[in-house]
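Everything on this sheet refers to the single structure shown next.
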Amino acid sequence: MISVQLHSILDNDFYKFTMQHAVIKLFPKAKVRYAFINRGKHQFPPHFAKLLRNAVDAMVDLRLTVAEKKFLADNCPYLDPTYLDFLQGYQYDPAEVTIEQQGSDLKVIIEGYWYRTILWEVPLMALISELFYTSQNLIRVDDEEVKRITKSKIENYNNLGVVILEFGTRRRHSYKVQKLVNETLDTFGANSFLGTSNVHLAMMQNRKPSGTHAHEWFMYHASEYGFKVANAVSLENWTKVYHGDLGIALTDTYTTEVFFEQFNKKYSKLFDGVRHDSGDPIEFAKKTIEHYEKMSIDPKSKIIVFSDSLNFEKVKVIADFCRGKIKMSFGIGTNFSNDVGLPAMNMVIKLTDTKPENSHWEAVVKLSDEKNKHTGTPKMIALAQQVLGIESQNELIL
């Protein structure tokens, strides 16, 4: 019997916990839905849904250990003790996840209170990815080759003199591969490897986990407060909770152009920098530098975290442009955690609907800087574009 399981409740991206902490404080009665989106049109083998169901059901047994709680308290002082107590008592509820399969098509829906369901996305994707390979007996390169590949990459980054973060949990080949990759990065990373977004692996390395917030933070705010003010209210609420900590702002939920319109001097000074996740990275860097200069802020005092489908060639081009103009770091995901001689999966789990307190269910959208990364219904995407003054291009809705 094929079996895949998580090893820790912290086997998740850090920004899921930071957002959960904020949601508990600000939106404890909000409800949401998420959906699995199979961008790569992957064909799932027979009975895959049952394998995934078994793995999801087993997550009910995960608990935050005393050692894990202490790690969070020591390394993340901005997380309230009351939140850590909540997390110690938290357990996954598999009833929040619906899994169906018709032929080779997989359907996964998550629904419930936002403060609870927010933790499902990343581990679910990690399970789907690992099960996809194991259920079909797809053979990867051996462990020594995984380490050799990773060592070669991080040595290139060392020579380039850039800061690297490992962001590969959601589309990793497997837990074992991601663990091997991080151990290799930790051994040979010199001054380049700063750490990982995976909290469990960060704890194993005795490093601070990396991350701030994701698109869903802004998407929810658009649902409750409206598209026009979504960026500004999202940033304001983030500062209410974190008071300047976790200061990297995500820019492309409703396009970077719209974001910078609301990224005023207050937020531009308060936040340490911004994250690039779609669109041309060089054009983004130019816009970011221009924005800080417009605000009379020295761009060299700020940082861009690049995180869009990176490899060494892309990183080198970006680094050559940014060097001496603005600080930079690079969050590398699949290129680290799933470079094992097999095609990497192309999938996401995205927020699709929200139900704020004392309101009704409403579809949400994301307007990326790349049109093929837009998510949402055609009706809601058109509405968001109209409200925000973004020209419609008749995009393919994913």
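The values are calculated or read from the model by the stated rules, or taken from the named source; none is laboratory data. Just so we're clear, the structure is a prediction, and the values are computed from it rather than from any experiment. Neighbour counts are summed over all protein chains in view; Cβ atoms, including those assigned to glycine, are modelled from backbone coordinates with ideal geometry. Ligands, DNA and RNA are excluded from the accessible area calculation, which covers all protein heavy atoms including side chains. Shrake-Rupley method; radii C 1.70, N 1.55, O 1.52, S 1.80 Å.
Tell me, yes or no, whether segment 317-325 has at least one residue that is farther than 19 Å from Asn231 by Cα, basic (Lys, Arg), in contact (Cβ under 8 Å) with a residue 24 or more places away in the chain and touching a Pro at 6+ places or on another chain (Cβ under 8 Å). Steps first, please.
Here is the first cut: in segment 317-325, the residues farther than 19 Å from Asn231 by Cα are 317-325.
Those left that are additionally basic (Lys, Arg): 323, 325.
Still in the running and in contact (Cβ under 8 Å) with a residue 24 or more places away in the chain: 325.
Of the ones still in play, those that are also touching a Pro at 6+ places or on another chain (Cβ under 8 Å) are 325.
The answer is yes, given that some residue of segment 317-325 is farther than 19 Å from Asn231 by Cα, basic (Lys, Arg), in contact (Cβ under 8 Å) with a residue 24 or more places away in the chain and touching a Pro at 6+ places or on another chain (Cβ under 8 Å).
Please list, ordered by residue number, the helices (runs of 4 or more DSSP H) wholly in segment 65-136 having 3 or more residues that are open to solvent by less than 40 Å² (accessible area, probe 1.4 Å). So that I can check it myself, show each step before the final result.
Details: elements: 66-75, 81-89, 114-117, 121-134.
Correct list: 66-75, 81-89, 121-134.
What number of residues within segment 222-268 satisfy the criterion of being open to solvent by less than 30 Å² (accessible area, probe 1.4 Å), within 22 Å of Phe14 (Cβ to Cβ) and touching a residue at least 60 places away in the same chain (Cβ under 8 Å)?
Qualifying residue count for the region: 7.
I need the full set of residues from segment 276-285 which are outside any helix (DSSP H, G or I), on the phi < 0 side of the Ramachandran plot and in contact with a Ser or Thr (Cβ under 9 Å, 6 or more places away or on another chain), in order please. Outline the logic, then answer.
The first filter runs over segment 276-285 and keeps only residues outside any helix (DSSP H, G or I), leaving 276-280.
This time we only want the ones that are on the phi < 0 side of the Ramachandran plot, so: 276-278, 280.
Within segment 276-285, His276, Asp277, Ser278 qualify.
Could you look through segment 1-58, keep only residues that are open to solvent by 10 Å² or more (accessible area, probe 1.4 Å), among the small types (Gly, Ala, Ser) and in a loop (DSSP other than H, G, I, E, B), and pick out the one that is modelled with the highest pLDDT?
Checking each candidate, the answer is Gly40.
Quick check: anything in segment 153-167 within 25 Å of Ser234 (Cβ to Cβ) and not aromatic (Phe, Trp, Tyr)? Break it down into steps so the answer makes sense when it comes.
Taking segment 153-167 and keeping what is within 25 Å of Ser234 (Cβ to Cβ), we get 165, 167.
Right, trim to not aromatic (Phe, Trp, Tyr) and you get 165.
The answer is yes, given that some residue of segment 153-167 is within 25 Å of Ser234 (Cβ to Cβ) and not aromatic (Phe, Trp, Tyr).
Specify which of the listed residues (Ile303, Ile332) is in contact with a Leu (Cβ under 7 Å, 6 or more places away or on another chain) and at pLDDT 95 or above.
Just one listed residue meets the conditions, Ile332.
Which of (1) assigned to a loop (DSSP other than H, G, I, E, B); (2) open to solvent by 20 Å² or more (accessible area, probe 1.4 Å); (3) closer than 18 Å to Arg39 by Cβ does Gly168 not meet, given it meets every other one?
Result: Gly168 passes all but (2).
Mind listing whichever residues of segment 270-305 are of a type outside the set (Gly, Ala, Ser) and farther than 22 Å from Gly324 by Cβ? First the steps, then the outcome.
Initial filter on segment 270-305 (of a type outside the set (Gly, Ala, Ser)): 270-272, 274-277, 280-284, 286-295, 297-300, 302-305.
Result: Leu270, Asp277.
With respect to Gly273, determine if the residue is touching a Lys or Arg at 6+ places or on another chain (Cβ under 9 Å) and open to solvent by less than 30 Å² (accessible area, probe 1.4 Å).
Values: touching a Lys or Arg at 6+ places or on another chain (Cβ under 9 Å): yes; open to solvent by less than 30 Å² (accessible area, probe 1.4 Å): yes.
For Gly273, the condition - touching a Lys or Arg at 6+ places or on another chain (Cβ under 9 Å) and open to solvent by less than 30 Å² (accessible area, probe 1.4 Å) - is met.
Filter segment 141-165 for residues that are more than 30 Å from Ile326 (Cβ to Cβ) and touching a helix residue (DSSP H, G or I) at 6+ places or on another chain (Cβ under 7 Å); which is least open to solvent (accessible area, probe 1.4 Å)?
If we take residues in segment 141-165 being more than 30 Å from Ile326 (Cβ to Cβ) and touching a helix residue (DSSP H, G or I) at 6+ places or on another chain (Cβ under 7 Å), then Val146 is least open to solvent (accessible area, probe 1.4 Å).
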